[in-house]
Amino acid sequence: MRIADNAELLEIKTEQGGVVQYIYPVLTWDENELVLIDTALPGQTELLKETIEQAGFAFEKITKVIITHQDTDHIGSAAVLAGSGVKILAHEYEIPYIQGDKTPVRITETEKRLNELSDEERAFFEKMKAGVSNFYVRVDRPLKDGERLDICGGIKVIHTPGHMPGHIALLLEKSKILVAGDAANAADGKLSGANPQYTQDMAEADASFEKMMAFKPSLVVCYHGGLCKTGENR
């Protein structure tokens, strides 16, 4: 779905345990760059490619990927894209986890509560843990809070810790659309902050949410929930 002159919202279907959900990567571009923000789940490269092509773009023309944070549903196809020469960007704090120099936080957390998982959840976790090394990817450029990328009309990097220590949101300056990753969620058209169930530090997450909103975005894209207006529906 076209959400601005140079921004496309991608809708990717996911299913786990019979529950269908959607995640929402974003494409933005200019005459020289085609930038993908987050890359869906491992194993979804073909679906991601099809969705991008249906939107009128060539998967092979992507020049950069910006990863909002280390969770596997955000880094899923990054290694495939890097293999074709696409440059990978992420916050400096997330790089060791994305590259596999450190064990991803989600795996470490889940291992501490294995006894609480159902058989199905444990099987899913073991499969994910066994395969995660296939999706590690070298980051070409570290990003810092407040940095401005002079591409696609300007992309402002906003460090939004809480969900993960190096989580970032991105303000597309040309349209003032905020790509919030998992630092915000949308349900029934209403915008809220990070999901406490999957958040490392809720105090940090709440502060990050207010930090994002201080930019007064025209629209917010939540990776879980999609497009949401700001203002009275917060």
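The values are calculated or read from the model by the stated rules, or taken from the named source; none is laboratory data. Predicted model, so just to flag it, every value in this text is computed and none were measured. Cβ placement follows ideal geometry from the backbone for every residue including glycine, while neighbour counts extend to all protein chains displayed. These accessible areas exclude ligands, DNA and RNA; they are computed on the full protein's heavy atoms, side chains included. Shrake-Rupley method; radii C 1.70, N 1.55, O 1.52, S 1.80 Å.
Brief remarks follow.
- Taken together, the criteria place Thr160 among residues that are within 15 Å of Ile37 (Cβ to Cβ) and either within 16 Å of the chain's Cα centre (by Cα) or free of Cβ contacts under 8 Å to residues at least 60 places away in the same chain (or both).
- Filter result for the condition that a residue is out of contact with any helix residue (DSSP H, G or I) (no Cβ under 9 Å at 6 or more places or on another chain), of a type outside the set (Phe, Trp, Tyr) and surrounded by 22 or more Cβ atoms within 10 Å (Cβ to Cβ), over Ala7, Ala78: Ala7
Every residue, every condition in (1) farther than 18 Å from Gly181 by Cβ; (2) at pLDDT 95 or above; (3) not in a helix (DSSP H, G or I), yes or no:
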position	(1), (2), (3)
Thr14	no, no, yes
Glu31	yes, yes, yes
Val35	no, yes, yes
Leu48	no, yes, no
Glu60	yes, yes, no
Val65	no, yes, yes
Ala90	no, yes, yes
Tyr93	no, yes, yes
Pro96	yes, yes, no
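- Per this entry, Val35 is counted among residues that are in contact with a Lys or Arg (Cβ under 6 Å, 6 or more places away or on another chain) and either surrounded by 22 or more Cβ atoms within 10 Å (Cβ to Cβ) or of a type in the set (Gly, Ala, Ser) (or both).
- In the stretch 16-29, the qualifying residues are those that are assigned to a strand (DSSP E or B) and among the aromatic types (Phe, Trp, Tyr), and the one that is farthest from the chain's Cα centre (by Cα) is Trp29.
- Against the conditions (1) surrounded by fewer than 13 Cβ atoms within 10 Å (Cβ to Cβ); (2) part of a loop (DSSP other than H, G, I, E, B); (3) modelled with pLDDT under 95, Asp101 satisfies every one except (3).
- Condition met for Glu33 (touching a Cys at 6+ places or on another chain (Cβ under 8 Å) and more than 24 Å from Ala194 (Cβ to Cβ)): yes
- Cβ pairs under 9 Å, 6+ apart, first in the stretch 1-14 and farther than 17 Å from Glu33 by Cα, second at pLDDT below 95 and open to solvent by 100 Å² or more (accessible area, probe 1.4 Å): Lys13/Gln21; Thr14/Gln21
- Residue ranges of strands (runs of 3 or more DSSP E) in the stretch 123-234 with at least 2 members within 30 Å of Gly43 (Cα to Cα) and open to solvent by less than 10 Å² (accessible area, probe 1.4 Å): 155-159, 168-172, 177-181, 219-222, 226-229
- Only one of the numbered conditions (1) assigned to a helix (DSSP H, G or I); (2) more than 20 Å from Leu36 (Cα to Cα); (3) in contact with a Phe, Trp or Tyr (Cβ under 9 Å, 6 or more places away or on another chain) is violated by Ala79, and that is (2).
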